[in-house]
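The values are calculated or read from the model by the stated rules, or taken from the named source; none is laboratory data. These numbers come from a predicted model, not from an experiment. Every residue, glycine as well, gets a Cβ built from its backbone with ideal geometry; the counts of neighbours run over all protein chains shown. We work out accessible area using only protein heavy atoms, side chains counted, and drop any ligands, DNA or RNA first. Shrake-Rupley method; radii C 1.70, N 1.55, O 1.52, S 1.80 Å.
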Amino acid sequence: MRVQSEGVHERWLTKPDPSLHTSIFINIGPITNHHPFSPLSPSSISITFGSHNRRWEGESGITGCYNVSLRASKHKQIIQSQSSFLRCNIDRFNGSFLISHKFNTKRVASAISEQPVDPDPTSPQQSVPNALNAFYRFSRPHTVIGTALSIVSVSLLAVQKLSDFSPSFFIGVLEAIVAAFFMNIYIVGLNQLSDIEIDKVNKPYLPLASGEYSVKTGIIIVSLFAFMSFWLGWIVGSWPLFWALFISFLLGTAYSINMPMLRWKRFALVAAMCILAVRAVIVQIAFYLHIQTFVYGRLAVFPKPVIFATGFMSFFSVVIALFKDIPDIVGDKIFGIQSFTVRLGQKRVFWICILLLEVAYAVAILVGASSPFLWSRYITVLGHAILGLILWGRANSIDFESKQAITSFYMFIWQIRDSGLDR
């Protein structure tokens with residue numbers, strides 16, 4: 001028994017029985033859309049068993065005709081059985097086709113275009129990497145890395161002798177980094193929740209702006225991480241650590257949330273002061289005191305390296321506060337964010353930032369040159385001189401028409417900030 005489709009193909013569904021002395025085949029009429037992967041059209045099926053015609057109706061309301069001519073009545077049951085078997089195979093064929101139609105179509109399109117087929121993002125193999133990638137972008141990793149390195153470097157300023165590198169020191173540093181990481185996720189996440197429409201213009205790759213995260217998901221994430229940050233700060237029992245988290249929470253909320261008297265990011269000077277307070281003062285002073293007073297149990301004294309590091313990072317924090325708005329000028333103009341870039345222009349703010357950084361490096365070179373230790377003088381002077389030259393060279397090659405180039409330079413500022421040579 002064979003299946004024949006006009007213009008498509010034919011195949012045997014059962015092995016012919018020579019004892020029946022009859023021709024048994026199915027003729028499938030023209031397929032209306034002529035698609036190579038179209039399912040068989042039941043309305044065009046006719047079954048022929050010799051030359052005698054009868055009509056039949058299938059279980060799903062399908063009608064057709066078939067012809068039967070038999071030499072012996074004993075073959076009727078066999079013919080009926082083969083006819084039912086044939087109809088069952090056709091239904092099974094159509095069902096199998098419908099299940100695999102989308103898969104086959106994608107493979108044919110891939111073969112024609114000679115491009116690999118993208119994996120299904122809903123598959124278990126892809127869902128976990130996609131979720132991790134979305135959270136990675138949501139966390140704004142350059143801020144996480146910058147905070148972690150600042151905590152480590154300022155904690156080292158509390159070390160006075162080799163024996164200070166004890167397990168309690170490393171545990172104290174780890175507690176500070178994890179608690180600050182949780183709070184950092186809250187602050188950057190709240191900012192994204194408040195800036196969804198702006199980020200659709202300025203940063204469409206962020207999960208909330210792109211639609212990968214719903215608003216409900218964003219609220220759950222920031223609430224959970226704020227709770228975990230305060231919980232960890234509380235159970236650790238370090239008041240400098242807890243107050244650092246609490247003040248960061250207050251300033252981060254006031255900076256972003258859209259409520260009366262808040263959303264301080266709308267005002268350029270206030271926004272810069274918020275970033276300066278968190279990045280330069282709180283991170284430097286509070287986390288130093290966490291190690292100095294809570295871990296080591298010493299008096300709260302501020303040696304010259306701590307004062308210098310706080311002053312140096314103040315320059316960088318002001319630069320970050322100014323520079324972060326340069327790539328976002330389009331969206332800020334549309335939504336009425338009066339940043340310094342919107343008010344003064346990209347080029348002017350850019351060169352103000354470069355001037356501030358070069359001044360910071362010049363001060364660092366002078367301080368390093370006055371060090372009583374020869375090795376410290378060489379490292380500090382040469383290190384900051386090299387960074388200053390690299391900064392100046394890159395600044396003179398910037399393309400202000402390219403948002404990608406400006407964003408890349410902004411990331412470069414974070415990299416030199418975290419180089420550790422300012423310590």
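A few points about this structure:
- Put the Cα centre of the stretch 221-267 next to the Cα centre of the stretch 333-375 and the gap is 27 Å.
- Residue-level accessible surface for E358, protein heavy atoms, 1.4 Å, Å²: 50 Å²
- Net charge of neighbours whose Cβ lies under 13 Å from the Cβ of M259, counting Lys and Arg as +1 and Asp and Glu as -1: +3
- Accessible area per residue for the stretch 316-423, computed on protein heavy atoms with a 1.4 Å probe, is 51 Å².
- In the full protein context, the stretch 155-200 carries 44 Å² of accessible surface per residue, based on a 1.4 Å probe and ignoring ligands, DNA and RNA.
- ³J(HN,Hα), Karplus 6.51/-1.76/1.60, whole Hz, each residue of the stretch 293-310, x for Gly, Pro: 9, 7, 6, 8, x, 9, 6, 7, 10, 10, x, 4, x, 5, 5, 5, 4, 5
- Taking the accessible area of the stretch 281-394, probe 1.4 Å, and keeping the other protein chains in place, the carbon and sulfur fraction comes to 74%.
- 18 Å Cα-Cα threshold exceeded, pairs from K200/K347; K333/K403; K200/K324; K324/K403: K200/K347
- Contact order relative to length of the stretch 319-402, as percent, for alpha carbon pairs under 8 angstrom and 6 or more apart: 24 percent
- Accessible-area composition of the stretch 124-218, carbon plus sulfur, in percent [1.4 Å probe]: 69 percent
- Computed with a 1.4 Å probe on the full set of protein chains, the accessible area for M411 sits at about 60 Å².
- Across the options M261, G233, V215, the greatest Cα extent toward the positive end of the charge dipole of the stretch 167-302 (unit charges at beta carbon of Lys, Arg, Asp, Glu) belongs to M261.
- Probe 1.4 Å - accessible area at Y378, Å² to nearest ten: 140 Å²
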